[in-house]
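One structure below.
The values are calculated or read from the model by the stated rules, or taken from the named source; none is laboratory data. Keep in mind that this is a model prediction, so the values were computed, not measured. Using ideal geometry, Cβ is built from the backbone for each residue, glycine included, and neighbour counts are taken over all protein chains shown. Protein only, heavy atoms only, side chains kept; ligands, DNA and RNA dropped before computing areas. Shrake-Rupley method; radii C 1.70, N 1.55, O 1.52, S 1.80 Å.
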Amino acid sequence: MKLQRMNRRALSLGALAVSGALALTACGSDDTGSGSGSSSSSSATAAAGSIKCDDAKGQLLADGSSAQKNAIDAWVKNFTQACNGVQVNYKGSGSGAGVTAFTQGQVAFAGSDSALKDDAVAASKSVCSGGQGIDLPMVAGPIAVAYNVEGVDDLVLDASTIAKIFNGKITNWNDAAIKKLNPTAKLPDQKIQPYHRSDESGTTDNFTKYLIATAKTDWPYSGGKAWQAKGGQSAAGSSGVAQGVKSTPGAIGYMELSYAKDGLGTVAVNTGAAAPVKASSDGATKAVAAAQVVGTGSDLSLKLDYNTKADGAYPLTLVTYEIVCDKGNKAATLPATKAFLRYIASTDGQGILSGIDYAPIPDSIISKVRTTIEGLS
C-alpha cells in the first residue's frame, strides 16, 4: 500500500512538472516548437488577441522595405506571442533587395514601397507555380523631410525648395527662397547637408515621384529606386539616413516618420492647402484615401495623388506592399504566410499603426486585401 501511494505521488508530481513545462513553453514568444502540447495554449492566446493561427508553424523568411520595419517588428511580436509555433524573420534590407529575394524564391513574401514592375512580375512566375507575384497594400506612412538646424523649431518648405535643396541648387539655410517661406524663423548662415539613400529604396522612389509630379522643372530626373541626383551624403536604410541627419549639423534627409525622432525637426509642406501640412498618420491616411487601385486581377497596386491640395492631406506619403504569390506558394510556408498576412490586414493589426507613426490603409482598400489573402494558394 505504501509503495502504491508513493507511485501515485510520483505520477502526480510528474504531471505537474510536465504541465509547468508546457506553460513556460507557451509563454515564450520566440518559441518555434510545433508540438501538440502548445496548441491549446496558442489557440487560447490567439482567440484573446483575435489572431487566427490555423496550421501555421515553422520559420517564415521575409525581406524588403525598411520603411515598414518598425511596423513589422510590432506585428511580429503580437503574432508570435499568439502563434508560438511560428518564427517570423523579416530582414528589412530595402525594397530592391526584397523584390530580388522574392523573385529568386528565397523568401515567402517581400515588402516593397513600390509596386512590382513588369520585369519583376515576369521573374516571379518562375517561383509562383501557376501564378505570379501580386502587390497587397498593407501599411501607409508619411515620408518626413527631417532636418537638424539649431534654433529652427518650425520649418516650411514647398516642392520647389525641397527639389532644389536635394538637387544642390539651394546650398545654404538662409537662402532667399527658404526665407520667403519662413519670414519669422532665425535661419542660420549654414551650409545645407542633404542626405539620401545609398541603397535601392522604395522610399527614394516615392520621394522622387513626389518631386517629379510637383516640381518637374527643379527635379529633371526620371525617378526610380536608385538615387539619381549628384552630390550630397548617402546612407543605407531609413535608419542610416536618420542617424546621418541627427549627427550632422545643417543636415536634411527624407525618411519615414517613425525614424524622425530624438531631436530632429520635420518640415511642414506648403501644398497650396489652407495651411502647410506636417507629416502625420492622419495626413497620410487622408492622402491614401484618394488613391486609385490600378492593379489588375488580384493585384492591388495603387496610384497616389502627389499633387493633392486637400486640407490636412500630406502628399509625401508612401504605401508599402506585401508581395506574395497569388498561386503556387510553397506548401510548407503557405499556412504561416496566410495567417501572418491575415493578422496584419485585420482591424487589430491595422489598429496599432497610428500609435507607431504609420497610417492604416483605408477601409475601402484593406477590405479588398483581406479577401485576396483568403484566396492565396
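Using θ = phi - 60° and the Karplus curve 6.51 cos²θ - 1.76 cosθ + 1.60, what whole-Hz ³J(HN,Hα) does each residue of the stretch 118-132 get, with Gly and Pro shown as x?
Listing the rounded values in order: 4, 5, 6, 4, 4, 5, 5, 5, 6, 10, 9, 4, x, x, 7 Hz.
If one computes P(r) from the Cα atoms of the stretch 240-358, what percent of pairs lie at distances over 23 Å?
Value for the stretch 240-358: 47 percent of Cα pairs lie more than 23 Å apart.
In nm, what is the difference between 0.36 nm times the number of residues separating Ala274 and Asp189 and their Cα-Cα distance?
Full extension from Ala274 to Asp189 adds 27.6 nm.
What percent does the relative contact order of the stretch 231-377 come to when contacts are Cα pairs within less than 8 Å and at least six residues apart?
Relative contact order comes out at 21 percent.
Would you pull out the residues with amide H under 5 Å of Gln193's amide H, same chain only if 5 or more places away, H placed 1.01 Å from N?
Placed amide hydrogens put Ala251, Ile252 under 5 Å from Gln193.
Between Gln292 and Glu374, what length comes free when the chain is fully extended (0.36 nm per residue of separation minus the Cα-Cα distance, one decimal in nm)? Write down the numbers at each step before the final one.
Values: separation 82, 0.36 × 82 = 29.52 nm, distance 2.23 nm.
Stretched fully, the Gln292-Glu374 segment lengthens by 27.3 nm.
Which loop-located trypsin sites (Lys or Arg not before Pro) does the stretch 300-359 contain, where loop means any DSSP state but H, G, I, E or B and the Cβ has at most 12 other Cβ atoms within 10 Å?
Counting only loop positions with at most 12 other Cβ atoms within 10 Å, the trypsin sites (Lys or Arg not before Pro) in the stretch 300-359 are Lys309.
If I take R0 = 41 Å and measure r between the Cβ atoms of Asp262 and Asp55 in this structure, what FRET efficiency does the formula 1/(1 + (r/R0)^6) give, to the nearest 0.05?
Calculated transfer efficiency: 0.45.
Evaluate the relative contact order of the chain (contact order divided by residue number), counting alpha-carbon pairs under 8 angstrom at least 6 apart; express in whole percent.
22 percent
Can you tell me the dipole magnitude for the stretch 273-321 around its Cα centre, using point charges on the Cβ only (Lys, Arg +1; Asp, Glu -1), in Debye to the nearest 20?
I would put it at about 100 debye.
Please list 3J(HN,Hα) in residue order for the stretch 307-315, calculated via the Karplus relation 6.51 cos²θ - 1.76 cosθ + 1.60 where θ = phi - 60°; whole Hz, with x for glycine and proline.
For the stretch 307-315, the Karplus-derived couplings read 8, 4, 10, 5, 4, x, 7, 8, x Hz, x marking Gly and Pro.
Using the structure shown, select from Lys91/Lys191; Lys216/Lys330; Lys77/Lys278; Lys230/Lys309; Lys261/Lys309 the pairs with a Cα to Cα distance greater than 32 angstrom.
Numbers: Lys91/Lys191 35 Å; Lys216/Lys330 44 Å; Lys77/Lys278 30 Å; Lys230/Lys309 30 Å; Lys261/Lys309 27 Å.
Table pairs above 32 Å Cα-Cα are Lys91/Lys191; Lys216/Lys330.
Mind giving me the nanometre distance, one decimal, between the label points for Thr217 and Ala122, set 7 Å out from Cα along Cα→Cβ?
About 3.9 nm separates the two model spin labels.
Using amide H atoms built in the peptide plane, which far-off residues or other-chain residues are under 5 Å from Leu318 H to H?
Excluding prolines and chain starts, which carry no amide H, the hits are Gly141, Ile143.
With +1 on each Lys and Arg Cβ and -1 on each Asp and Glu Cβ, and nothing else charged, work out how big the dipole of the chain is about its Cα centre, in Debye to the nearest 20.
The dipole of the chain has a size of about 780 debye.
Please name which of Ser112, Leu157, Gly130 has its Cα lying farthest along the dipole of the stretch 106-157 towards the positive end, using unit charges on Cβ (Lys, Arg +1; Asp, Glu -1) and the Cα centre as origin.
Farthest towards the positive end: Gly130.
Could you sort 185-192, 154-161, 130-137 so that the peptide with the highest average Cβ count within 10 Å comes first and the rest follow in order?
Sorting 185-192, 154-161, 130-137 by mean packing, highest first, produces 130-137, 154-161, 185-192.
Expressed in nm to one decimal, what extension gain is obtained for the pair Asn307 and Asp153 from 0.36 nm per residue of sequence separation less their Cα-Cα distance?
52.8 nm
Please turn the phi angles of the stretch 155-169 into ³J(HN,Hα) values with the Karplus equation 6.51 cos²θ - 1.76 cosθ + 1.60 (θ = phi - 60°), one per residue in order, whole Hz, x for glycine and proline.
Here the 3J(HN,Hα) series is 9, 10, 9, 10, 4, 5, 5, 4, 4, 5, 5, 7, 9, x, 8 Hz.
Quick one: what do you get for the stretch 304-377 if you divide its Cα Rg by 2.2 N^0.38 Å?
Normalised by 2.2 N^0.38 Å, the Cα Rg of the stretch 304-377 equals 1.31.
Considering the options Ala97, Pro183, Ser234, tell which one lies farthest towards the positive end of the dipole of the chain, charges being +1 on Lys and Arg and -1 on Asp and Glu at the Cβ, about the Cα centre.
Projecting each Cα onto the dipole axis, the largest value belongs to Ala97.
Ratio of the chain's C-alpha Rg to 2.2 N^0.38 Å, to two decimals?
1.15
With the full set of protein chains in place, find how many percent of the accessible area of the chain is carbon and sulfur; take the probe as 1.4 Å.
That fraction is 51 percent.
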